[in-house]
1. What is the helix-to-structure angle for 42-67, meaning the angle in degrees between its Cα long axis and the longest Cα principal axis of the chain, kept from 0 to 90 and rounded to the nearest 10?
2. Straight-line reach from Lys97: which lysines have a Cα under 21 Å away, not including same-chain ones fewer than 8 places off?
3. For the chain, report the translational diffusion coefficient in µm²/s to the nearest whole number, using Stokes-Einstein at 25 °C, 0.890 mPa s, and a Kirkwood Rh over Cα pairs.
4. Give me the net charge for the shell around Lys15: Cβ to Cβ below 12 angstrom, other residues only, Lys and Arg +1, Asp and Glu -1.
5. Helix 15-37 against the longest principal axis of the chain: what's the angle in degrees, Cα atoms only, rounded to the nearest 10?
6. Using the heavy atoms of the protein chains alone and a 1.4 angstrom probe, what is the accessible area of the chain per residue in square angstrom?
7. Between His69 and Met95, what is the spin-label point distance in nm, taking each point 7 Å from the Cα along the Cα→C-beta axis?
8. If I model a spin label at Gln17 and Val59 as a point 7 Å from the Cα along the Cα→Cβ vector, what separation in nanometres do I get?
Amino acid sequence: MMNHHSHKSTIQPNKEQLLNRLKRIEGQVRGIHNMVEEDRYCIDILNQIAAVQSAVNKVSVHLMEDHTHHCVAKAIQDGEGEEAIDELVGLMNRMMK
């Protein structure tokens, strides 16, 4: 089974879109930090945390889709599909804890 600390690399097909989403998430997290500093209402802070979690989940799903369509598909063509699928399933199990 593949180690989850793999040193593999890839070309992200939607790199700019991912980077833009991550920049928005960074801004949201900074906003949450400011809300805590300003003693804002807990529910307002928690709503912002929920928004960040949703945004991070969307980035994760997008990356998994790209990985499956490119890296896993190529691994299957190269006869290494079982290893790639095991790696992906292991990741999904870690993400759902």
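1. 20
2. Once the sequence-local lysines are set aside, what remains near Lys97 is Lys58.
3. Working: Rh = 15.6 Å.
The Stokes-Einstein estimate is 157 µm²/s.
4. Working: positive: Arg21; negative: Glu16, Asp66.
The answer is -1.
5. Helix 15-37 sits roughly 30 degrees off the main axis of the chain.
6. Working: 7610 Å² over 97 residues.
Value for the chain: 78 Å² per residue.
7. The modelled label-to-label distance comes out at 1.5 nm.
8. Once both label points are built, they end up 1.6 nm from each other.
The values are calculated or read from the model by the stated rules, or taken from the named source; none is laboratory data. Because the structure is predicted, anything quoted here is derived from the model rather than measured. Please note: Cβ atoms are built from the backbone with ideal geometry, for glycine as well, and neighbour counts cover all protein chains shown. Ligands, DNA and RNA are stripped out before the accessible areas are found, and what is left, the full protein with its side chains, is counted by its heavy atoms. Shrake-Rupley method; radii C 1.70, N 1.55, O 1.52, S 1.80 Å.
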